[in-house]
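Undergrad: One structure coming up, written as structure tokens, with questions to follow.
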Amino acid sequence: MNGRYLLDTNILIALFADEAEVKQQLAQAAEVFLPSIVLGELYYGARKSGRPSQNLARIDDLAASGVVLVCDTETARHYGEVKNLLRLKGRPLPENDIWIAALAQQHQLTLATRDDHFQDIAGLQTITW
């Protein structure tokens, strides 16, 4: 692992839940990045929660203090390759997760996640926190 991490939605939810393990791992990371796709998932979750105003503000603070990676043409190339390889394996993944994986590959980042299905993506470095 290179100490450079892209954070999946479940890791940020754990951070919001104040999980010590995630906080410790983040403190030791060299660099941390947030996928814009993950922020979208968090914003959606906040809007359907029982405390939307508080949760939206929390996500806004996170986005303002972090480095957010957005999709571009190179990300789309990685997405197409990953999705096709998964199709050939007969192992579909949720669309958002394919975009997240594509961003990780594009920027040569280790994906911090709790989802096992990312292991189906060849060449993607993952770590479970």
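The values are calculated or read from the model by the stated rules, or taken from the named source; none is laboratory data. A quick note: this is a predicted structure, and the numbers were derived from the prediction, not measured. Cβ placement follows ideal geometry from the backbone for every residue including glycine, while neighbour counts extend to all protein chains displayed.
Undergrad: Can you pull out every residue in the range 24-59 that is loosely packed, with under 13 Cβ neighbours inside 10 Å and within 25 Å of residue 128 (Cβ to Cβ)?
TA: Matches in the range 24-59: 24, 27, 28, 30, 31, 44.
Undergrad: Show the residue pairs that are 6+ apart or on different chains and have beta-carbon atoms under 6 Å apart, the first residue being within the range 38-55 and modelled with pLDDT of 95 or more, the second being part of a loop (DSSP other than H, G, I, E, B).
TA: Listed by first residue and then by second, the contacts come to 55/49.
Undergrad: I'm checking my understanding of the structure. Among residues of the range 65-100 that are assigned to a helix (DSSP H, G or I) and among the acidic types (Asp, Glu), which one is surrounded by the most Cβ atoms within 10 Å (Cβ to Cβ)?
TA: Here is the first cut: in the range 65-100, the ones assigned to a helix (DSSP H, G or I) are 65, 73-89, 95-100.
Pick out the ones that are also among the acidic types (Asp, Glu) and you get 74, 81, 95, 97.
Details: 74: 13, 81: 15, 95: 11, 97: 24.
That would be 97.
Undergrad: State yes or no: is residue 58 charged (D, E, K, R) and at pLDDT below 95? Before the answer, list the steps.
TA: Details: charged (D, E, K, R): yes; at pLDDT below 95: no.
Considered against the rule, which asks whether it is charged (D, E, K, R) and at pLDDT below 95, residue 58 comes out as no.
Undergrad: On the basis of being touching a residue at least 40 places away in the same chain (Cβ under 8 Å), under 27 Å from residue 3 (Cβ atoms) and either surrounded by fewer than 17 Cβ atoms within 10 Å (Cβ to Cβ) or touching a helix residue (DSSP H, G or I) at 6+ places or on another chain (Cβ under 8 Å) (or both), does residue 62 make the cut? Don't jump to the end; show me each part of the working.
TA: On the way: touching a residue at least 40 places away in the same chain (Cβ under 8 Å): yes; under 27 Å from residue 3 (Cβ atoms): yes; either surrounded by fewer than 17 Cβ atoms within 10 Å (Cβ to Cβ) or touching a helix residue (DSSP H, G or I) at 6+ places or on another chain (Cβ under 8 Å) (or both): yes.
Yes: the conditions hold for residue 62.
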